[in-house]
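Inspection log for the structure reproduced underneath, given as structure tokens.
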Amino acid sequence: KLPVSIFDQRLIRDGHLAKLKNLGVEIHARSVFLQGLLLMNPASIPDHFAPLRDHFRRFEAFLQTRDLSRIQGALLFAAQQPELDTVLVGVCSAEQLGNILNALRTLPQDKVDMARFAWSDERYLNPSNWQV
């Protein structure tokens, strides 16, 4: 299980996902919602992420231009990664599971370049570094 999300593209950018796939490794992505952070309204993100508020707003604007929900945007990114065999998500309720399943059913099929949303700062990518 490896962390992969629209904001955490490190393993894609450095080629590790492709290398693992070429070795025949089955890759399971976790943290596609970045511990729920990607599903939050940009105005309500914790202060720890204040330096990235503009980044969140750009992501939100992108979603609006494509008529996508936050869940759809996060899942679309994962669905477009050919190296991923499985995407693991956590849910706290049947309603959340239903929302995820509905989002999956309505994902666009066209390829969307989301490389511009990648972060590189470990303080924001690794939840153990979060000061929330």
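The values are calculated or read from the model by the stated rules, or taken from the named source; none is laboratory data. Because the structure is predicted, anything quoted here is derived from the model rather than measured. A quick note on method: Cβ atoms are made from the backbone with ideal geometry, for glycine too, and the neighbour counts reach across all protein chains shown. SASA here: full protein model, heavy atoms, side chains in, ligands and nucleic acids out. Shrake-Rupley method; radii C 1.70, N 1.55, O 1.52, S 1.80 Å.
Filter region 80-107 down to the residues that are under 17 Å from LYS1 (Cβ atoms) and of a type in the set (Gly, Ala, Ser) and list them by number. Passing the criteria: only GLY90. Among the residues of region 3-34, those identified as under 12 Å from the mean Cα position of the chain (by Cα) and open to solvent by less than 70 Å² (accessible area, probe 1.4 Å) are PRO3, VAL4, SER5, ILE6, PHE7, ASP8, GLN9, ALA29, SER31, VAL32, PHE33, LEU34.
I'd like to know if region 53-76 contains one or more residues that are under 21 Å from ASP110 (Cα atoms) and of a type in the set (Asp, Glu). Yes; the residues of region 53-76 include at least one that is under 21 Å from ASP110 (Cα atoms) and of a type in the set (Asp, Glu).
Of all residues assigned to region 87-106, at least one qualifies as being within 27 Å of GLY24 (Cβ to Cβ) and touching a Lys or Arg at 6+ places or on another chain (Cβ under 6 Å).
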